[in-house]
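Undergrad: Below you'll find the structure I mean.
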Amino acid sequence: MTAMTFEPSNPTARPTLDATDRQLLSLLQANAREGTAQLARKLGLARTTVVARIARLERSGVVAGYGVRLGARLDATTVRAWCSISVLPKAAPAVLRALEAMVEVEEVSAVSGPFDYLVFLRCTSHEQLDTLLDKVGQLDGVHQTQTSIVLSRKIDRRSVGA
C-alpha cells in the first residue's frame, strides 16, 4: 500500500516517504481540514487508503499534529520581527523559559553563527514590539540582541492560498 518504511528499533531513523506520501503531506499542509474523500480524489486513491496513510504518518511521527495558520487579514494588522539573541553560557534554559511565557513569541530556533537563537515575534503595534524588545534585552542571561522588522513577505509557502 505504501513505500514508507520506518525502523522501530531506531527511534531517530527517518522514515522514507514515497511520492504519494509527500503529495499527501503537501495537501494536508495546504488544508489539514480537507476531507479524506476529497484528498483521495486528488491523489487518485481509495478513501480508506488515504485514511490508512494518514494514520501511518501520524503513528510514525511524520505528522505531529494539526494547527491554525493565520490569514492575511490578521497578518496585515500585525508587526512581525525576527530577533537574534545571544545568551551567556548556562543561561539558555532560563532564557528559553522566559521566551516561552511571552505570547508574542511564535517561534524560537537555535542557530549557528554569532547568535544562539532566532526568535520570531508578532505584535499588534510598533509600541508593543518596542516594549517586548526591552523585556527580551533585559532578561537575565541575554548578552546581545539584533532585530529586523519584517516589511513584507515575498515568498511564503505556509500561507493560505499559497
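Bear in mind these aren't lab numbers, they're just calculated from the coordinates by the rules spelled out. Since we're looking at a predicted model, the values are computed, not measured. Heads up, the Cβs are rebuilt from the backbone with ideal geometry, glycines too, and the neighbour counts pull from every protein chain shown.
Undergrad: Relative contact order of the stretch 11-140, please, whole-number percent, based on alpha carbon pairs below 8 angstrom and at least 6 residues apart.
TA: So the answer I get is 19 percent.
Undergrad: Ranking request for peptides 129-136, 81-88, 100-107: highest mean number of other beta-carbon atoms within 10 Å first, then the rest in descending order. Display every interim value, and only then the final one.
TA: Values: 129-136: 16.0, 81-88: 18.5, 100-107: 13.0.
Most protected by this proxy first, the peptides run 81-88, 129-136, 100-107.
Undergrad: Something else about it: May I ask for the net charge around VAL95, where only other residues with Cβ less than 14 Å from the Cβ of VAL95 are counted and Lys, Arg are +1 while Asp, Glu are -1?
TA: The answer is 0.
Undergrad: Using 0.36 nm per residue, how much length does the chain from LEU133 to GLN38 gain when fully extended, once their Cα-Cα distance is taken away?
TA: Taking 0.36 nm per residue and subtracting the Cα distance, the gain is 29.7 nm.
Undergrad: Let me ask another. For the stretch 18-162, build the charge dipole from Cβ charges (+1 Lys, Arg; -1 Asp, Glu) around the Cα centre, then report which of SER109, LEU45, THR20 sits farthest towards its positive end.
TA: The one lying farthest along the dipole's positive direction is LEU45.
Undergrad: Sort 33-42, 147-156 for me by packing, meaning the mean count of neighbouring Cβ atoms within 10 Å per residue, highest on top.
TA: On the way: 33-42: 13.4, 147-156: 10.0.
In descending order of packing, they fall as 33-42, 147-156.
Undergrad: Jot down the per residue volume, in cubic angstrom and as a whole number, of the convex hull over the alpha-carbon atoms of the stretch 26-162.
TA: Given the Cα convex hull of the stretch 26-162, per-residue volume reads 144 Å³.
Undergrad: Any idea what Rg and Dmax come out to for the stretch 87-151 if you just take the C-alpha atoms, in Å?
TA: 11.4, 34
Undergrad: Using a cut-off of 14 Å between beta-carbons, work out the net charge of the residues near ARG47 (Lys and Arg +1, Asp and Glu -1, ARG47 not included). Can you show the working numbers first?
TA: Numbers: positive: ARG41, LYS42, ARG53; negative: GLU34.
That works out to +2.
Undergrad: Compute the distance in nm between two label points, each set 7 Å from the Cα along the Cα-to-Cβ direction, one at ALA46 and one at ARG59.
TA: Those two pseudo-labels are separated by 1.7 nm.
Undergrad: Quickly work out the LYS154-to-ALA30 label distance, labels modelled 7 Å from Cα along the C-beta direction, and quote it in nm with one decimal.
TA: 2.5
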